[in-house]
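The values are calculated or read from the model by the stated rules, or taken from the named source; none is laboratory data. Please read these numbers as outputs of a predicted model, since none were measured by experiment. Neighbour counts are summed over all protein chains in view; Cβ atoms, including those assigned to glycine, are modelled from backbone coordinates with ideal geometry.
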Amino acid sequence: MSTWFILAGSAAVVVLMIAAAAALGFRQRARLDEAEISRFAAAEGLNVEQAAIGEGARSAVARLSGGKILVVRVMGDGLSARVAPASATRIGLRGARVRIEFADVGFPPLNLQFNDAPPAWLADLAQGAAR
Amino acid sequence: MREPIAPPFDIPDIITYAVPGFVVLILIEMIYVRLARKGRYQVADSAASLSMGLGNQIAGLLFGGMVIASYFFVSHFRLFDLGWTWPVMLACFFAEDCAYYWFHRIAHERRWWWASHVIHHSSQHYNLTTALRQTWTGAISFSFIFWLPLVFVGFPPEMVLMFQAISLVYQFWIHTEAIDRMGPLEWVMNTPSHHRVHHAINPKYLDANYAGVLIIWDRMFGTFVPEDKSEPLRYGIITQLGTFNPFRVAFHEWAGIARDLGGAKSLREVLGYLFGPPGWSPDGSRKTSASIKAAWAAQNPSAVPAE
């Protein structure tokens with residue numbers, strides 16, 4: 001069998017498997033709420049001071065005790081979180097949209113969309129982090 | 001220099017021939033999970049795992065020749081002429097499995113090799129597609145060096161490669177939550193139960209059950225931990241990935257190493273970031289498996305796992 005034939009076959013199989021998973025309804029999404037945010041903070045031995053969950057509850061950010069921030073994003077039916085000093089993140093605000101960037105390649109920039117303006121504490125955090 | 005002893009029969013492309021079996025078993029497992037509600041699938045996660053598998057295949061085409069060339073090169077300097085006899089093949093099976101154990105253990109204990117192997121652990125799920133979530137950088141991080149001693153002793157290169165392929169195919173089916181414990185097989189073989197422990201991130205399960213085909217190596221070298229049905233397993237890595245992007249999955253730890261090396265202030269720090277345990281930092285501020293296990297053991301003195 002030629003290499004290209006094997007690779008093309010593998011790619012076709014990948015598409016078939018993904019289609020099968022979708023057809024079988026494996027599209028469930030994790031629930032992201034304040035309890036989950038508190039759980040992530042507690043795992044680090046920290047408390048949540050302020051928290052904001054983005055539109056659609058796909059991502060969230062929280063200010064924790066100890067000058068740290070927590071971000072959480074929905075990963076399918078799981079969640080992924082990062083805790084970092086506020087100074088180690090870059091927070092950008094544009095209207096009702098907030099973008100939080102990390103040095104970690106395994107956790108791409110987090111975008112949060114709010115119905116109205118982002119909470120004031122987040123704007124303060126953005127100004128503080130930018131300094 | 002002596003030419004390697006050629007096999008007396010044509011060795012089939014074991015992995016390629018196993019692929020149809022992989023496909024059928026994944027479909028069966030998906031249907032079983034849907035009907036029995038035992039185990040978990042998620043389409044984005046499976047897509048990432050399968051994409052990593054496809055990328056691994058491409059990486060194999062690009063760099064696999066380097067591995068094979070290394071085996072044949074070392075074979076020229078072999079100590080003994082171990083031919084293609086049944087006793088030698090039996091010995092090679094055990095030797096390959098032992099080499100796999102040590103490769104796998106070091107791939108968890110040293111960041112250079114963990115940077116490749118972390119990919120396989122980066123799913124928060126444990127199903128047959130997780131088995132196919134394989135590294136793209138195994139060959140170029142010299143993972144194959146752990147098998148070179150076998151060739152140096154005198155096992156023919158093709159024989160070692162054959163048992164590596166058999167081991168890889170064996171390890172596919174143990175990535176499932178659909179199969180419970182398997183009775184007496186649990187004593188000798190690596191089973192779904194044993195390998196679930198290996199993929200779990202509960203502190204008591206960290207750095208355990210490195211076996212390929214036979215669990216005996218973990219029992220011999222003190223890394224065996226049995227599955228505790230009273231504690232639900234959590235899968236993935238300590239700092240779960242926040243992406244399904246295959247390229248970020250493939251290279252995130254390498255990028256982390258590069259970032260750390262950029263800030264290293266001494267040769268000790270360079271070596272620590274490269275070959276220290278994953279999570280090593282000069283001031284010890286980051287978490288390693290050892291520190292996580294120690295903290296857990298301090299809080300749960302009566303729950304330290306024992307066989």
Q: Would you be able to say whether some residue in the range B:189-196 is hydroxyl-bearing (S, T, Y) and assigned to a helix (DSSP H, G or I)?
A: yes
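Filtering the range A:62-86 down to residues that are within 23 Å of B:S122 (Cβ to Cβ) and β-branched (V, I, T), which residue is surrounded by the fewest Cβ atoms within 10 Å (Cβ to Cβ)? Explain how you work it out, then say what you get.
Our first condition is that a residue be within 23 Å of B:S122 (Cβ to Cβ); within the range A:62-86, this holds for A:70-84.
With the extra rule that they be β-branched (V, I, T), the set shrinks to A:71-72, A:74, A:83.
Details: A:V71: 24, A:V72: 27, A:V74: 20, A:V83: 18.
Among those residues, the one meeting the criterion is A:V83.
Hey, among B:I179, B:I140, which residue is modelled with pLDDT under 95, among the β-branched types (V, I, T), in the same structural domain as B:S70 (by TED's automatic domain parsing) and farther than 30 Å from A:R73 by Cα?
Values: B:I179 fails: modelled with pLDDT under 95.
Result of the check over B:I179, B:I140: B:I140.
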(Q) Please return the ranges of strands (runs of 3 or more DSSP E) entirely within the range A:36-129 where 1 or more residues are in contact (Cβ under 8 Å) with a residue 60 or more places away in the chain, within 14 Å of another protein chain (Cβ to nearest Cβ) and within 13 Å of the chain's Cα centre (by Cα). (A) A:59-64, A:110-113
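Quick test for you: out of A:T89, A:T3, pick the one residue that is hydroxyl-bearing (S, T, Y), within 30 Å of B:G263 (Cβ to Cβ) and either modelled with pLDDT under 95 or surrounded by 14 or more Cβ atoms within 10 Å (Cβ to Cβ) (or both). Explain how you work it out, then say what you get.
Numbers: A:T3 fails: within 30 Å of B:G263 (Cβ to Cβ).
Checking each option against the conditions leaves just A:T89.
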Q | Criterion violated by A:A43 - all others in (1) exposed (fewer than 14 other Cβ atoms within 10 Å of the Cβ); (2) in contact with a helix residue (DSSP H, G or I) (Cβ under 6 Å, 6 or more places away or on another chain) satisfied | A | (2)
(Q) Which residue is surrounded by the most Cβ atoms within 10 Å (Cβ to Cβ), if the candidates are limited to the range B:109-123 and must be outside any helix (DSSP H, G or I) and within 14 Å of another protein chain (Cβ to nearest Cβ)? (A) B:S123
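Could you pull out the residue among B:S291, B:S281 that is over 21 Å from the mean Cα position of the chain (by Cα), surrounded by fewer than 18 Cβ atoms within 10 Å (Cβ to Cβ), in a loop (DSSP other than H, G, I, E, B) and outside the structural domain of B:D207 (by TED's automatic domain parsing)? So that I can check it myself, show each step before the final result.
On the way: B:S291 fails: in a loop (DSSP other than H, G, I, E, B).
Exactly one of B:S291, B:S281 is over 21 Å from the mean Cα position of the chain (by Cα), surrounded by fewer than 18 Cβ atoms within 10 Å (Cβ to Cβ), in a loop (DSSP other than H, G, I, E, B) and outside the structural domain of B:D207 (by TED's automatic domain parsing), namely B:S281.
Here is a check on your reading of the model: is B:I238 surrounded by 20 or more Cβ atoms within 10 Å (Cβ to Cβ) and of a type outside the set (D, E)? Steps first, answer last, please.
Details: surrounded by 20 or more Cβ atoms within 10 Å (Cβ to Cβ): no; of a type outside the set (D, E): yes.
Criteria not met by B:I238.
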Q) Of the residues in the range A:6-35, how many are within 10 Å of chain B (Cβ to nearest Cβ), surrounded by fewer than 17 Cβ atoms within 10 Å (Cβ to Cβ) and assigned to a loop (DSSP other than H, G, I, E, B)? A) 5
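Answer yes or no as to whether B:Y126 is assigned to a helix (DSSP H, G or I), at pLDDT 95 or above, assigned by TED's automatic domain parsing to the domain that holds B:I31 and in contact with a strand residue (DSSP E or B) (Cβ under 9 Å, 6 or more places away or on another chain). So that I can check it myself, show each step before the final result.
Working: assigned to a helix (DSSP H, G or I): no; at pLDDT 95 or above: yes; assigned by TED's automatic domain parsing to the domain that holds B:I31: yes; in contact with a strand residue (DSSP E or B) (Cβ under 9 Å, 6 or more places away or on another chain): yes.
No; evaluated as a whole, the condition is false for this residue.
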Q | Complete set of residues in the range B:237-263 that are within 17 Å of the chain's Cα centre (by Cα) and farther than 19 Å from B:Q134 by Cβ | A | B:I238
Q: For the range B:69-108, name all the residues that are under 23 Å from B:V213 (Cα atoms) and loosely packed, with under 14 Cβ neighbours inside 10 Å.
A: B:T85, B:W86, B:P87, B:L90
**Q.** Selection from the range B:156-186 of residues that are out of contact with any helix residue (DSSP H, G or I) (no Cβ under 8 Å at 6 or more places or on another chain) and either surrounded by 16 or more Cβ atoms within 10 Å (Cβ to Cβ) or in contact (Cβ under 8 Å) with a residue 40 or more places away in the chain (or both)
**A.** B:E158, B:Y170
Q) Which one of B:L27, B:L54, B:L50, B:L35 is more than 9 Å from chain A (Cβ to nearest Cβ) and modelled with pLDDT of 95 or more? A) B:L35
Q. Among the residues of the range B:129-155 satisfying the criterion of being under 12 Å from B:Y71 (Cα atoms) and buried (at least 23 other Cβ atoms within 10 Å of the Cβ), which is farthest from the chain's Cα centre (by Cα)?
A. B:F155
